[in-house]
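The values are calculated or read from the model by the stated rules, or taken from the named source; none is laboratory data. From a predicted model like this one, the values you see are computed outputs, not experimental measurements. Please note: Cβ atoms are built from the backbone with ideal geometry, for glycine as well, and neighbour counts cover all protein chains shown. Please note that ligands, DNA and RNA were not included when accessible areas were found on the heavy atoms of the full protein model with its side chains. Shrake-Rupley method; radii C 1.70, N 1.55, O 1.52, S 1.80 Å.
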Amino acid sequence: MRKPFVAGNWKMNTNSYSAVALAKDVASGCSDIAGHKIDVAVCPPFVYLQAVAKALSASSVAVGAQDLYFQQEGAFTGEISASMLKDVGCAYVLCGHSERRHIIGESDELINKKVTAAISGGLLPILCVGEKISERETGQTEQVVARQIEEGLAGLGAEKVSAVTIAYEPVWAIGTGKTATAQQAQQVHSFIRKLLSQMYGEKLAQEIRIQYGGSVRPDNAAELMRQEDADGLLVGGASLKKDAFLAIIQQAAEKG
Ligand code: 13P
């Protein structure tokens, strides 16, 4: 039985005041939702991680970072290591988010180093994958997602991969208001689980959580979560509004 997992990716939003206020609102809202039925995390910008972690320290809501660098320390100006993230209270870290792949230009090889460094540093990576609209329209969705997973997890044995969550976020659904239908999401999630089963065996494939992300809202969360292989949601825009985010968490918790 996979415990539902909802994470809010705040992207490059909030400020020192609103980040802490939002975190506190999420924490108090989550205390009313049966905490043991669902895992919840928020991923603020780097500079607010410590303040948000402090605000959430007595709550069931975990903190995640939006990225990391794969080196442990040294002359890497502007970068942040796994140990720094651990040090300020992070449990999770996003790796290979679509915006980092397609705006910043991160490769599968770099993302693999980040996933590996995250696990070595004691963090739980959320490996984000997903096809562009042109790739979907030319029938390449499975090929693209398989490459991102195989290369993203390269060199990691089953023991390490058990720390990973996969987030399927079709690029065309991110920030566009155009959600994948629940059937489209399920099709890819089920493909991902089969692929994981081929790579690591059925037992581990059944344990790994697969989130859906891309224009998740309170009005589509329940239907997405009803799909067999939907184990959670990675929420962007709606995670910045406490009522919307809490409504999404509530619906995901019902699967728990
Ligand atoms: P939106 O929910 O704003 O579409 O963003 C999804 C996302 O990229 C989460 O990581």
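The distance between label points at M199 and Q50 comes to 3.5 nm (points 7 Å beyond Cα on the Cα→Cβ vector). When GluC sites (Glu not before Pro) are flagged only if DSSP places them in a loop and at most 10 other Cβ atoms lie within 10 Å, the longest unflagged stretch of the chain comes out as 74-227.
Using DSSP to define loop residues, name the trypsin sites (Lys or Arg not before Pro) in segment 158-227 whose beta-carbon has at most 10 other beta-carbon atoms within 10 Å. Don't skip to the answer; put the middle values down first.
Numbers: sites: K160, K178, R193, K194, K203, R209, R226; in loops: K178, R209, R226.
Listed in order of number, the matching sites amount to none.
Per-atom-type breakdown for segment 164-212 gives carbon and sulfur 53% of the accessible area (1.4 Å probe, protein chains only).
Which shape class, rounded, prolate or oblate, goes with segment 4-100 when its Cα gyration tensor gives a ≥ b ≥ c as root eigenvalues, a/c under 1.5 marks rounded, and past that a/b bigger than b/c marks prolate? Before the final figure, lay out the partial values.
Details: a/c = 1.92, a/b = 1.72, b/c = 1.12.
Prolate is the answer for segment 4-100, as a/c is 1.5 or above and a/b outweighs b/c.
Ligands, DNA and RNA left out, the 1.4 Å accessible surface of segment 39-88 is 50% carbon and sulfur atoms. Which whole-number percent of Cα pairs in segment 150-213 have a distance greater than 20 Å? In whole percent, the long-distance tail amounts to 30. Which FRET efficiency value, to the nearest 0.05, is calculated for S107 and R226 with the Förster distance at 35 angstrom and r the Cβ-Cβ distance? That pair, S107 with R226, gives E of 0.50. Please report how far the C-alpha centroid of segment 109-140 lies from that of segment 147-224, rounded to the nearest whole angstrom. If we compute the Cα centre of each part, the gap is 10 Å.
Taking 0.36 nm per residue of separation and subtracting the Cα-Cα distance, what length does fully extending A158 through E73 add? List each step's numbers first, then the result.
On the way: separation 85, 0.36 × 85 = 30.60 nm, distance 2.69 nm.
Computed gain between A158 and E73 is 27.9 nm.
Dividing the summed helix terms, -39500 (n - 2.57) for each DSSP H run of n ≥ 4, by the number of residues in the chain produces a 222 nm estimate of -12500 deg cm²/dmol to the nearest 500. Reported value for the chain: 114 Å³ per residue, from the convex hull of its C-alpha atoms.
Using the Cβ-Cβ distance between T176 and K3 with R0 set to 25 Å, the FRET efficiency from 1/(1 + (r/R0)^6) comes to roughly 0.30.
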